[in-house]
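Asker: Structure incoming, see below.
The values are calculated or read from the model by the stated rules, or taken from the named source; none is laboratory data. All values derive from a computational prediction rather than experimental measurement. So basically every Cβ, Gly included, is an ideal-geometry build from the backbone, and we count neighbours across all protein chains shown.
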Amino acid sequence: MSRITKLLTISTAVLAPWLVTSPVVAADESLGIVTAITIPGRLIGSFDISFVDPTIGLYVLADRTNKGVLMVDTHENTFLGYCGQGQFRGATGHNDTSGPDGVLIRASREIWAGDGDATVKVYDIAGCLGPHVGPKLVIKVGDPVLDKRADEMCYDPVDELVMVANNAADPPFATIIDASKFPYSIKKKIVFDKTTLPPNGATNGIEQCVWSAQTRKFMITVPGVESPDNGHGIVAQIDPTTFAVTKFADLPLTVCDTPQGLATGPDHSGLVPPPDAPNGIPPEPGDHEASMLVGCNGNGSTNKSSVILSLDDPGDIQAVVADESGPDEVWFNPGDNHYYLARSNAFGGVQKIGSIDAFGLTADPSITVGPAGRNAHSIAADAVTNQIFFPVPASPHFTLCGQGGGHDLHGCILVLKNGPNDGDDVNGCFASGTPTQVVDASGNPVLLRSTCLVVAPIPPG
C-alpha cells in the first residue's frame with residue numbers, strides 16, 4: 001500500500017495537530033537546500049502550478065512534459081508517481097492551450113487539475129496512480145477553442161465551492177463549481193469584462209486566487225485593467241454567496257507592476273488563544289488584521305517590489321517589499337511564518353526564489369536559480385515539515401539540482417528549508433492561508449495554529 005493510500009485512511013482530525021507541533025528548525029534564517037528529488041527515467045521540463053496538502057503530506061505539480069500530475073511524499077521526499085498521466089494535453093508549444101495547469105487538493109481526498117481544453121479533471125487520490133486510471137469527473141468550464149485553458153483555482157471549504165480561472169479567454173472569466181454533492185456542477189460564471197471591472201475590464205487575464213477563512217471571501221489578482229495594458233492591476237474580492245465582486249484593491253503601478261501571485265498570510269490582531277484551545281480561537285469575520293501577499297510579476301515599479309495588503313481593507317498597503325518582483329505563484333507557510341515567491345521574471349534577467357518574513361515584513365536573501373525565462377515559476381510549502389518545494393526545469397544553465405544531489409540535465413523538485421521567524425514569535429498569530437485550515441462539525445472554518453503561536457504566561461495581577 002502506498003504512503004498516500006495509508007495517509008488517506010487517517011482522519012484530518014488526527015493529522016491536524018502536526019501543524020501545531022511543527023519542530024523548530026535551525027537558527028539560520030537563510031533558505032538552504034535539503035535535497036533534490038529526481039524523477040526516474042523522466043525529465044522535469046514544462047510545468048505549471050503546484051500545491052501542498054500538509055494534512056496528508058502530499059505535493060502535486062502540473063507536469064506538462066509528462067502529461068500528468070506529479071506526486072511527491074513531503075515527509076519522505078520521494079516521488080510517488082503520476083495521477084492521470086497521459087490524460088492531459090501536455091506542452092503544446094502554446095501556454096494558453098497546454099495542460100495540466102492549475103492544481104488543487106480538495107478535502108485531502110481529491111486532485112483537481114485544469115487542462116488546456118477548458119476542462120477540469122477530478123481524481124480520487126487513493127487509486128489515481130497509473131496511466132490507465134481516468135478521472136472520476138471531467139467538468140467542462142468553457143469552449144476549448146475560444147476559452148482555452150482552465151488555469152489556477154482555489155477552494156472554499158465552508159460553502160464547498162471551487163473557483164477556476166480561465167485566464168486566456170477574452171474576456172477572462174472565473175467559474176464557481178459546487179463540490180458539495182457528486183456529480184459536481186457549475187454554479188456561476190463571473191466574467192471580468194467592462195461591466196464587472198469598469199471601464200476596461202481585465203486586459204491581461206486573471207491569475208492566482210485564494211479563499212480566506214477570516215473574510216470568508218474569494219480573492220483573485222487581475223494583472224491589468226488599463227487599455228492598452230501597462231501593468232496597472234488590482235485584487236478583486238468575490239462574495240461566495242452572491243458571487244458579486246464586492247471590493248477592489250487598486251495597486252498603484254509605482255509599487256506593483258502586473259499583480260499575479262496571491263497568498264493570504266498571518267493575523268496581526270493580537271488575539272491570544274487560551275492554553276486549552278489546541279487549534280486556537282478562529283476570529284469572526286472583520287475581527288482581525290490579517291494580510292495577504294501580492295506577487296508583482298513585472299519590473300516596472302519604482303523599487304521592483306511586491307506588496308503586502310490588509311485582508312480586512314484590501315486598499316490598505318501594509319508593506320512594499322523592494323526587490324521581490326517577478327513571481328508567478330506565491331505561497332504562505334504558517335509553519336515558519338514566511339511567504340515564498342517563485343520569481344521567474346526577477347529584475348536583472350534572472351530567476352530567483354524569494355522569501356519574505358511575514359511578521360517583520362522584510363525580505364530575506366533570494367536564491368538565484370538561473371538566467372531569465374518563465375520556467376521556474378512554481379512554489380509550495382508544507383506547514384508540517386516546513387519544507388519548500390520548487391521545481392527546477394532541466395537545463396545546463398541551472399545548478400541547484402546538482403547542489404541537492406540531483407542532476408541538472410534531468411531537472412528536479414528542489415526541497416529547501418528556512419530558519420525560524422527571527423525569534424519574533426507573536427501571540428495571536430493565526431494561519432489564514434489555504435490549505436492550512438479545516439472546517440469544524442458546524443461548518444465553520446478553524447484556523448490551525450502555527451509555530452508563531454506561543455502563549456505567554458499571564459503576568460501576576
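Asker: Within the set of pairs 6 or more residues apart or between chains, which connect a residue that is farther than 18 Å from Gln87 by Cβ inside the stretch 101-115 to a residue that is polar (S, T, N, Q) with Cβ atoms less than 7 Å apart?
Answerer: Ser108/Thr12; Ser108/Thr55
Asker: Separate question: In this structure, does Val235 turn out to be at pLDDT 95 or above, assigned to a strand (DSSP E or B) and either more than 19 Å from the chain's Cα centre (by Cα) or farther than 27 Å from Val145 by Cα (or both)? Show your work before the answer.
Answerer: On the way: at pLDDT 95 or above: yes; assigned to a strand (DSSP E or B): yes; either more than 19 Å from the chain's Cα centre (by Cα) or farther than 27 Å from Val145 by Cα (or both): yes.
Criteria met by Val235.
Asker: Let me ask something additional. Among strands (runs of 3 or more DSSP E) lying entirely in the stretch 127-210, which contain 2 or more residues that are more than 24 Å from Gly295 (Cβ to Cβ), in contact with a strand residue (DSSP E or B) (Cβ under 8 Å, 6 or more places away or on another chain) and among the charged types (D, E, K, R)?
Answerer: Counting at least 2 such residues, we get 185-191.
Asker: Which one of these does Ser22 not meet: (1) modelled with pLDDT under 50; (2) part of a strand (DSSP E or B)?
Answerer: The single condition Ser22 does not satisfy is (2).
Asker: Find the residue count for the stretch 107-141, including only residues that are touching a Ser or Thr at 6+ places or on another chain (Cβ under 9 Å) and on the phi > 0 side of the Ramachandran plot.
Answerer: 3
Asker: Moving on. From the list Pro144, Pro131, Pro100, exactly one residue is surrounded by 22 or more Cβ atoms within 10 Å (Cβ to Cβ) and not aliphatic (A, V, I, L, M). Which is it?
Answerer: On the way: Pro144 fails: surrounded by 22 or more Cβ atoms within 10 Å (Cβ to Cβ); Pro131 fails: surrounded by 22 or more Cβ atoms within 10 Å (Cβ to Cβ).
So the residue among Pro144, Pro131, Pro100 that is surrounded by 22 or more Cβ atoms within 10 Å (Cβ to Cβ) and not aliphatic (A, V, I, L, M) is Pro100.
Asker: Just the residues that are over 23 Å from Val164 (Cα atoms), in a loop (DSSP other than H, G, I, E, B) and not polar (S, T, N, Q), please, taken from the stretch 28-55.
Answerer: If the condition is that a residue be over 23 Å from Val164 (Cα atoms), in a loop (DSSP other than H, G, I, E, B) and not polar (S, T, N, Q), then Asp28, Glu29, Leu31, Ile39, Pro40, Gly41, Arg42, Leu43, Ile44, Gly45 are the ones that fit.
Asker: For a quick check of your reading: which strands (runs of 3 or more DSSP E) sit entirely within the stretch 346-394 and have at least 1 residues that are within 19 Å of Pro259 (Cβ to Cβ) and touching a Pro at 6+ places or on another chain (Cβ under 9 Å)?
Answerer: Here the list reads 350-357.
Asker: Something else now. Any residue in the stretch 159-174 that's on the phi > 0 side of the Ramachandran plot and surrounded by fewer than 24 Cβ atoms within 10 Å (Cβ to Cβ): show its pairings with residues that are assigned to a strand (DSSP E or B) and acidic (Asp, Glu) at Cβ separation under 9 Å, as long as the two are six or more apart or on different chains.
Answerer: Cβ pairs passing all conditions: Glu160/Asp178.
Asker: Continuing with the same structure: Those residues that are of a type in the set (D, E, K, R) and either assigned to a strand (DSSP E or B) or surrounded by 22 or more Cβ atoms within 10 Å (Cβ to Cβ) (or both), I need them from the stretch 211-227; list them, please.
Answerer: Lys217
Asker: Here's a follow-up. Step by step: first the residues of the stretch 103-121, then only those that are farther than 16 Å from Ser180 by Cα and not in a strand (DSSP E or B), then the one that is nearest to the chain's Cα centre (by Cα). Which residue is that?
Answerer: Taking the candidates together, the pick is Asp115.
Here is a yes/no grid of residues against (1) more than 15 Å from Gly295 (Cβ to Cβ); (2) surrounded by 20 or more Cβ atoms within 10 Å (Cβ to Cβ); (3) touching a residue at least 12 places away in the same chain (Cβ under 8 Å); (4) over 19 Å from the mean Cα position of the chain (by Cα):
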residue	(1), (2), (3), (4)
Gly349	yes, no, yes, yes
Lys352	no, yes, yes, no
Ile356	no, yes, yes, no
Gly360	yes, no, yes, yes
Pro371	yes, no, yes, yes
Thr385	yes, yes, yes, no
Phe389	yes, yes, yes, no
Val392	yes, yes, yes, no
